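What follows is one structure encoded as C-alpha cells, with my remarks underneath.
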Amino acid sequence: GSSGRGSTLEALLARLRMIADQTRIVGLSATVSNADEIAGWLNAVVVRSEWRPVQLSIQVLGFTPGRTRRETEQAKNFLVKQVVDDVTTTGGQVVVFCGSKWNARQTAAYLAGLTDVDLDDAEGLAARCLPAGVGVFYRGLGLAKEAELEFRSRRCAVLVATSGLAQGVNLPARAVIVRDTVLGRDPLSAGDALQMLGRAGRAGQETEGHGFLLALNDNLGRWGRTPSRRPLGPKPDPRLAC
C-alpha cells in the first residue's frame, strides 16, 4: 500500500526468477490487498485463510473533537484511559499505538498520572512513567528496551508506542488501541491499522484479543467499513461502546 516501499524486494524477486526459475517462492501477508495481482506476477497460486489461533474483536470508538487541538487530544486520552482501565483491572495488558513520538509521550504521561513532567524530556518522562506501570517505546528512545522487557515480564501493564512496534516486534497483549488515524503527516491506511490491531491476543499468551480504533464521529462510516475482511472474534463489549 506504500509506493515508497518494496522496490528492493521486487528487484530481488525478479532477479531470482530470471537466474533460477525453479526457485520456490512463498509469500505471506496478513494485509496485502492485491494478492491476485502479485500471484500473477510470480506465477503463483493464492491460498487464503480466515483461521486465527486466537479470536480478535475490533471496535471503532468514536469521539467528538474539541474546539482546540488540546481539547481534542484530551478527549482521545480520556477514551484511551477508559479502555486501559477496563483491561488492566482484570489483569490484561494493553499496547497503545500513537501517530507520533510526541503523542506517545503525552499519552504515556496522561496514563501514568503525571501532570508536572516536561514532554520534551523524553528520557526523563519515560523513566517516570515506568514505575507507574506505563512503558514508552519508539526508535531512538534510550529506555525503549527496558520498557519492552518490563512489558514482556508483565511488570508493566501498558506500553505506549509508535507504529514501528507493529513491524517485526512480537509483544503480545490482550488489547491494542490505535489512538491516532494519522501517522506523522500521512493518513492511517487499513493495512497499517490491521498490523497494529493484530498484536492483540497473540497465540500462547492470551485466549482472546480486543482491538480498538479511535476515530472522529464524522469518520465512523469509513472505519466501520474498513478493513473489509477483518478478523472474526467475540461480540463487542457494550461497556466500551461510544
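Conditions (1) assigned to a strand (DSSP E or B); (2) under 28 Å from N219 (Cβ atoms), marked per residue:
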{"site": "R24", "(1), (2)": "no, no"}
{"site": "T31", "(1), (2)": "no, yes"}
{"site": "G40", "(1), (2)": "no, no"}
{"site": "V60", "(1), (2)": "yes, yes"}
{"site": "Q74", "(1), (2)": "no, yes"}
{"site": "K81", "(1), (2)": "no, yes"}
{"site": "V87", "(1), (2)": "no, yes"}
{"site": "G91", "(1), (2)": "no, no"}
Looking at Q74, Q55, Q82 in this structure, which one is open to solvent by 50 Å² or more (accessible area, probe 1.4 Å), at pLDDT 85 or above and within 23 Å of G204 (Cα to Cα)?
Q55
Using the structure shown, decide if R5 is open to solvent by 90 Å² or more (accessible area, probe 1.4 Å), basic (K, R), assigned to a loop (DSSP other than H, G, I, E, B) and under 22 Å from G209 (Cβ atoms).
no
For residues that are more than 10 Å from the chain's Cα centre (by Cα), of a type in the set (K, R) and at pLDDT 90 or above, scanning just segment 155-192, find the one that is least open to solvent (accessible area, probe 1.4 Å).
R174
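What tally of residues in segment 20-41 results from selecting those that are hydrophobic (A, V, I, L, M, F, W, C) and surrounded by 14 or more Cβ atoms within 10 Å (Cβ to Cβ)?
Of the residues in that region, 3 qualify.
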Kindly establish whether V136 is under 16 Å from V94 (Cα atoms), without any contact (Cβ under 8 Å) to a residue 40 or more places away in the chain and β-branched (V, I, T).
yes
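Taking the conditions exactly as written (in a strand (DSSP E or B), more than 23 Å from L220 (Cα to Cα) and open to solvent by less than 50 Å² (accessible area, probe 1.4 Å)), does V117 satisfy them or not?
Numbers: in a strand (DSSP E or B): no; more than 23 Å from L220 (Cα to Cα): yes; open to solvent by less than 50 Å² (accessible area, probe 1.4 Å): yes.
Against the criterion (in a strand (DSSP E or B), more than 23 Å from L220 (Cα to Cα) and open to solvent by less than 50 Å² (accessible area, probe 1.4 Å)), V117 does not qualify.
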Just to be sure before I move on: is A175 in contact (Cβ under 8 Å) with a residue 40 or more places away in the chain, in contact with a strand residue (DSSP E or B) (Cβ under 8 Å, 6 or more places away or on another chain) and aliphatic (A, V, I, L, M) in the structure I sent?
yes
R230 vs (1) open to solvent by 30 Å² or more (accessible area, probe 1.4 Å); (2) modelled with pLDDT of 85 or more: all pass except (2)
Residue by residue through segment 88-104, note down the ones that are open to solvent by 30 Å² or more (accessible area, probe 1.4 Å) and within 14 Å of K76 (Cβ to Cβ).
S100, W102
Run R48 past the list (1) surrounded by 10 or more Cβ atoms within 10 Å (Cβ to Cβ); (2) in contact (Cβ under 8 Å) with a residue 12 or more places away in the chain; (3) within 30 Å of G221 (Cβ to Cβ) and report the number of the one that doesn't hold.
(1)
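The values are calculated or read from the model by the stated rules, or taken from the named source; none is laboratory data. Model, not experiment: these values are computed from the prediction. Here the Cβ is made from the backbone with ideal geometry for all residues, glycine too, and neighbour counts use every protein chain on show. For accessibility, only protein heavy atoms count, side chains too; no ligands or nucleic acids. Shrake-Rupley method; radii C 1.70, N 1.55, O 1.52, S 1.80 Å.
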